[in-house]
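Q: Have a look at this one.
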Amino acid sequence: MGLFQNLLETYEKCSEAVGIVQVDADGNANEKKTLLPIGHMTFKSQICVTIDEDGVFVRASRDNKETTIIAPCTEISAGRSSGIAAHSLCDQLDYVGDINEGKIAAYLSQLNSWKGNIPELNAIYTYVSGKTMMDDLLNSRIFKESEYQTKTDEHGESQLDKEKIRKLGVRFIVQMTDNMVKVWESTELRNAWIDNMSSNSTFNEEAFDYLSGEVVHQVAAQHPKNINSLTGNAKLLSCNDTSGFTFRGRFAKQNDAVIVDYIQSQKMHQMLRWLIANYGYAADSQVIVTWGVDRDTEVKAKVQDNSLDFFENMEEVKTKADILSGTKGGIYADYADKLKNLLQGFGNAKDIKQHFCKICIAVFDAATTGRMGLVFYQELPKNTYLENIVNWHSDTSYFLTAWKKERDEHGKDKNTPIHYIGAPSFDDIVFAVYGKSHGDKSYEILKKNTRKQLLECMFGNFAFPKNMVEMAANRASNPMGFMDLNGKFSENDWKRALSITCALTRKFYKQQKEEIPLELDTDRTNRDYLFGRLLSVADKLESAALYKADKQNTRPTNATKLMSAFRVKPHSTWGILYDQLIPYRNQLNGAGYYQSLIDNILVLFEEGDYEDNSPLSPLYLLGYAAQNRAFLKNNNNEKTEGTDNGYITE
Amino acid sequence: MKDEMLEAMIKKRNSVEFEVYGKYALFSDPITRVGGEKFSYQVPTYQALKGILESVYWKPTFIWVIDAVRVMNKIQTEGKGIRPIKMNGGNDLSYYTYLKEARYQVLAHFEWNENRPGLQNDRNENKHHNIAKRSIGKGGRRDIFLGTRECQGYVEHCEFGRGSGFYDDYGELNFGFMFHGIDYPDENPTKNEEGIPLRNFDVRFYNCTMKDGIILFPAPSDSSLKRRTVFENQQMKEFVIGQNLLPVETEGGDE
């Protein structure tokens, strides 16, 4: 089904949650995260007026801070800017106080049209039409000094500055015989307003709603904005182009081209707004949202996460054994494999059909401020959705490290490295391909484009883009380009980028039907792979010598420095590098182990490959990293204890 | 299975079959289209396929009726940033979302246009049928495009149901409420009590379901369609044989 139909269906399935206020972690209500009833909006109110059921003033109070309430509104009042358009129940002093004749009249006539026999509404109507509110509020002394005029009149009394108080929002509490009714929270009043809206059938019966095919009660003349709060003015639907030719030509008027029912439009927009506020994943003007068309719309499996976070989000796998933190020996949890097993079990359980659930993935973006477009939409059965993600996580897996924020025993924050085999997150990939953000907008745009590309790639629409692999490989081949804030070589960043690049390279070759194992493949005779291994040996030889001279980590090795040149001209650079290794080889008494390793690698080269001086493909990084890992492993076996510096490669 | 679907389908004696494909396709959803940010339906609309066939071969004597479409490739989308030119100068910015690597097999036949009784002499079924088949073989008489003008398409002869498609064993897929087509005034079958065509401009919607990759379209006159009359009693262009229309007998085909 289309996006709109699915949103409508989701709204129906979530009907129990409509209007129930979500409470944030700090205990404050968060109306923005509340699924609003149709025909309602959030409204900022500061003044609370209590009246009794006969419409007689009881008391008034004022909040220090604006309180956001859910209040009924009309289609026109929801989008009002200038001009007169009253909300239907709670409104600003401008409308309910006796400040503006026209506005209070509009408010009263609107309230009159739907109050029926509801006692609360009648009480409010009686009170507001008595026009005593301003006096009552003055007597209650709820205005601040700054809201009075500086000039005093002949009695020495200061008048209210009406310009300053006009916009204050008013809400009502009606004191009934047995209880106090907060009108903005009353479900009965909300339903009364919705019923009133639905009964206002103004259109001929032949028309149907283009979203759902249902009968039309009231044609939506304008659609809500502020669907994604980051692009607040952008509308998903709009139909007001009276000068251009988006629909004119074949059609003359908006209603000829499209008919959307106000109620259906409300349902659709309220649902989408809520989904984006709660589950949106935003970059610049773009937002990615994934939800299940079900009672519980939250999709725990987030596509953009790395394998580790992804796993923690899946409750079924959250067992003790899976969460490895602060492990010493660099034990890697292969999340992709585990996930696959889990899914296979899930598939056999025959309950997929029973728990059939649709997952929708939608990406919205706004090219201009006023409109937003749907740029990607896919609807998948839950198992296909998970399969796609699992494939991604297994194809893109590599040895990665994540840092988890934890509290240590002294209550301080510390970052614990967690090693895992799995896929990097979307933003990790952005880091490997484009580097770090310098806080400018162009980076956000790169980020959003990459996210969308990766999403399209994950759900089978695209092959993994070669340019991304190439770019990441170029960056990772230039270790000296990774600098920290002080302009020094940042080994951390480089190694992170390197392992992510390896993950991407594996994915890229996998899609060319070439599977490259995670561990070192000593039989592989591919030229790029072998040159990568050679570079790693040179690196290791030098650092071993430095270690022996107790100068480890004082400077990057020659192999690291020459890496970018090595990639472009492997054969000639290897000659230079080999010569530079002479003093270190001497320090290590000839370095027999490394020398024989180099010889073993050289033997594997096929005829003419070694002399070939053309640039290396990204595959050499896999050879480099795999050889590094092999050294690390040997080390661990010898010492039977690992390094705990958290790096994948050493 | 798709074969069961194929067996249930009845080919008419004047049926034509063809395959149409293109790198991109955009069958825009009318709801997003009016705002300027076009988003494609997942599958072609009846009207888009009818338009393609009319580009291949059409005469006012008959009306093409699309019986079925078979979706061959996986439905994939690709969003693009577009710079549409405004009529009053300047440009706009938009995002359009296209279908990628679209390929469809289509089964269709033609029926005489009863709103044009003056063209009765042109109703030579055999000849029209053969010209249409030859036109398909040549790739059509006019430009083919998939939904929107920038999505160039190509037409080839094929046997409907031949070859393997992505959705062959997929089962049922529901696309919900979507646009079916337009009844233009000169083809609209609606008549008043006296039997005179009303010449209305109607839009039709339906609930679209695809089974094993095949969508069986309800005919435009089907009562299950939701129909809305947008404009009443419109003008229609007159065709007179010999004046502004070549009789089919002297039509040379496209040789």
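The values are calculated or read from the model by the stated rules, or taken from the named source; none is laboratory data. None of the values given here were measured: they were computed from a predicted structure. FYI the Cβ positions are ideal-geometry reconstructions off the backbone, even for glycines, and counts take in every protein chain you see.
Q: Taking the options B:Phe27, B:Phe39, name whichever one is out of contact with any Asp or Glu (no Cβ under 9 Å at 6 or more places or on another chain), buried (at least 23 other Cβ atoms within 10 Å of the Cβ), within 21 Å of A:Ile361 (Cα to Cα) and at pLDDT 90 or above. First the steps, then the outcome.
A: Numbers: B:Phe39 fails: out of contact with any Asp or Glu (no Cβ under 9 Å at 6 or more places or on another chain).
Unique residue meeting the criteria: B:Phe27.
Q: Can you name every residue in the range A:446-457 that is within 13 Å of chain B (Cβ to nearest Cβ) and touching a Ser or Thr at 6+ places or on another chain (Cβ under 9 Å)? Steps first, answer last, please.
A: As a first pass, look at the range A:446-457 and keep what is within 13 Å of chain B (Cβ to nearest Cβ): A:448-449, A:451-453, A:455-457.
Listed by number, the residues that qualify are A:Lys448, A:Glu456.
Q: Right, next: Here are some conditions: (1) assigned to a loop (DSSP other than H, G, I, E, B); (2) in contact (Cβ under 8 Å) with a residue 40 or more places away in the chain. A:Thr246 meets all but one. Which one does it not meet?
A: The one condition A:Thr246 does not meet is (2).
Q: Could I ask something else about it? When the range A:216-243 is examined, which residues are found to be in contact with a Phe, Trp or Tyr (Cβ under 9 Å, 6 or more places away or on another chain) and part of a helix (DSSP H, G or I)?
A: Hit for the range A:216-243 is A:Thr231, nothing else.
To keep it simple, each residue is scored yes or no on (1) within 14 Å of chain A (Cβ to nearest Cβ); (2) part of a helix (DSSP H, G or I); (3) in contact (Cβ under 8 Å) with a residue 60 or more places away in the chain; (4) within 18 Å of the chain's Cα centre (by Cα).
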residue: B:Ile10; (1), (2), (3), (4): no, no, no, no
residue: B:Phe18; (1), (2), (3), (4): no, no, yes, yes
residue: B:Tyr24; (1), (2), (3), (4): yes, no, yes, yes
residue: B:Pro44; (1), (2), (3), (4): no, no, yes, yes
residue: B:Gln47; (1), (2), (3), (4): yes, yes, yes, yes
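Q: Got a number for residues in the range B:132-182 being within 14 Å of chain A (Cβ to nearest Cβ), within 19 Å of B:Tyr46 (Cβ to Cβ) and either assigned to a loop (DSSP other than H, G, I, E, B) or under 16 Å from the mean Cα position of the chain (by Cα) (or both)?
A: Residues meeting the conditions: 8.
Q: For the range B:129-137, check the following and say yes or no: at least one residue is of a type in the set (Ser, Thr, Tyr), surrounded by 19 or more Cβ atoms within 10 Å (Cβ to Cβ) and modelled with pLDDT of 90 or more.
A: In the first step, residues of the range B:129-137 are kept if they are of a type in the set (Ser, Thr, Tyr); the result is B:135.
Filter again for surrounded by 19 or more Cβ atoms within 10 Å (Cβ to Cβ), leaving B:135.
Next cut, modelled with pLDDT of 90 or more only: B:135.
Yes: one or more hits.
Q: Let me ask another. Output yes when any residue across the range A:195-213 is under 26 Å from A:Ile70 (Cβ atoms), surrounded by fewer than 17 Cβ atoms within 10 Å (Cβ to Cβ), away from every other protein chain (no Cβ under 13 Å) and within 31 Å of the chain's Cα centre (by Cα), and no when none is. Full working, then the answer.
A: Residues of the range A:195-213 that are under 26 Å from A:Ile70 (Cβ atoms), as a first pass: A:195-202, A:209, A:211-212.
With the extra rule that they be surrounded by fewer than 17 Cβ atoms within 10 Å (Cβ to Cβ), the set shrinks to A:195-196, A:198-202.
Next cut, away from every other protein chain (no Cβ under 13 Å) only: A:195-196, A:198-202.
From what's left, within 31 Å of the chain's Cα centre (by Cα): none.
Within the range A:195-213, none of the residues are under 26 Å from A:Ile70 (Cβ atoms), surrounded by fewer than 17 Cβ atoms within 10 Å (Cβ to Cβ), away from every other protein chain (no Cβ under 13 Å) and within 31 Å of the chain's Cα centre (by Cα).
Q: A further question on this structure: If I ask for residues that are loosely packed, with under 15 Cβ neighbours inside 10 Å and at pLDDT 90 or above, which ones from the range A:455-474 would you list?
A: Passing the criteria: A:Lys466, A:Asn467.
Q: Restricting attention to the range B:183-212, which residues are away from every other protein chain (no Cβ under 13 Å) and in a strand (DSSP E or B)?
A: Within the range B:183-212, B:Asp183, B:Lys191, B:Pro197, B:Lys211 qualify.
Q: Among the residues of the range B:220-244, which ones are crowded, with 16+ Cβ neighbours inside 10 Å and assigned to a loop (DSSP other than H, G, I, E, B)?
A: Of everything in the range B:220-244, those that are crowded, with 16+ Cβ neighbours inside 10 Å and assigned to a loop (DSSP other than H, G, I, E, B) turn out to be B:Pro220, B:Leu225, B:Phe239.
Q: For the range A:380-399, check the following and say yes or no: at least one residue is within 14 Å of chain B (Cβ to nearest Cβ), in contact with a strand residue (DSSP E or B) (Cβ under 6 Å, 6 or more places away or on another chain) and either in a strand (DSSP E or B) or at pLDDT 85 or above (or both).
A: Yes, the range A:380-399 contains at least one residue that is within 14 Å of chain B (Cβ to nearest Cβ), in contact with a strand residue (DSSP E or B) (Cβ under 6 Å, 6 or more places away or on another chain) and either in a strand (DSSP E or B) or at pLDDT 85 or above (or both).
Q: Now a separate question. Among A:Phe426, A:Phe489, which is the only one that is among the aromatic types (Phe, Trp, Tyr), in contact (Cβ under 8 Å) with a residue 12 or more places away in the chain, away from every other protein chain (no Cβ under 14 Å) and closer than 25 Å to A:Asn553 by Cβ?
A: Values: A:Phe426 fails: closer than 25 Å to A:Asn553 by Cβ.
Result: A:Phe489 is the single residue among A:Phe426, A:Phe489 that is among the aromatic types (Phe, Trp, Tyr), in contact (Cβ under 8 Å) with a residue 12 or more places away in the chain, away from every other protein chain (no Cβ under 14 Å) and closer than 25 Å to A:Asn553 by Cβ.
Results for (1) aliphatic (A, V, I, L, M); (2) more than 28 Å from B:Tyr170 (Cα to Cα); (3) within 14 Å of another protein chain (Cβ to nearest Cβ), shown as yes or no for each residue.
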| position | (1), (2), (3) |
| --- | --- |
| B:Lys50 | no, no, no |
| B:Pro60 | no, yes, no |
| B:Val65 | yes, no, no |
| B:Ala68 | yes, no, no |
| B:Val71 | yes, no, no |
| B:Gln76 | no, no, yes |
| B:Asn88 | no, yes, yes |
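Q: For A:Asn553, all conditions in the list (1) crowded, with 21+ Cβ neighbours inside 10 Å; (2) at positive phi hold save one; what is the number of the exception?
A: Result: A:Asn553 passes all but (1).
Q: Please state which one of A:Leu616, A:Leu597, A:Leu621 is among the aliphatic types (A, V, I, L, M), closer than 18 Å to A:Gly532 by Cβ, in a loop (DSSP other than H, G, I, E, B) and modelled with pLDDT of 90 or more.
A: Working: A:Leu597 fails: in a loop (DSSP other than H, G, I, E, B); A:Leu621 fails: in a loop (DSSP other than H, G, I, E, B).
Just a single option satisfies the conditions, and that option is A:Leu616.
Q: Another question, then. When the range B:31-42 is examined, which residues are found to be facing another protein chain (nearest Cβ under 7 Å), in contact with a Phe, Trp or Tyr (Cβ under 6 Å, 6 or more places away or on another chain) and not hydrophobic (A, V, I, L, M, F, W, C)?
A: Across the range B:31-42, the qualifying residues are B:Thr32, B:Glu37.
Q: Within the range A:108-146, work out how many residues are touching an Asp or Glu at 6+ places or on another chain (Cβ under 6 Å) and part of a helix (DSSP H, G or I).
A: Let us first name the residues in the range A:108-146 that are touching an Asp or Glu at 6+ places or on another chain (Cβ under 6 Å), namely A:119, A:123, A:131, A:134.
With part of a helix (DSSP H, G or I) added as a condition, the list becomes A:119, A:123, A:134.
Result for the range A:108-146: 3.
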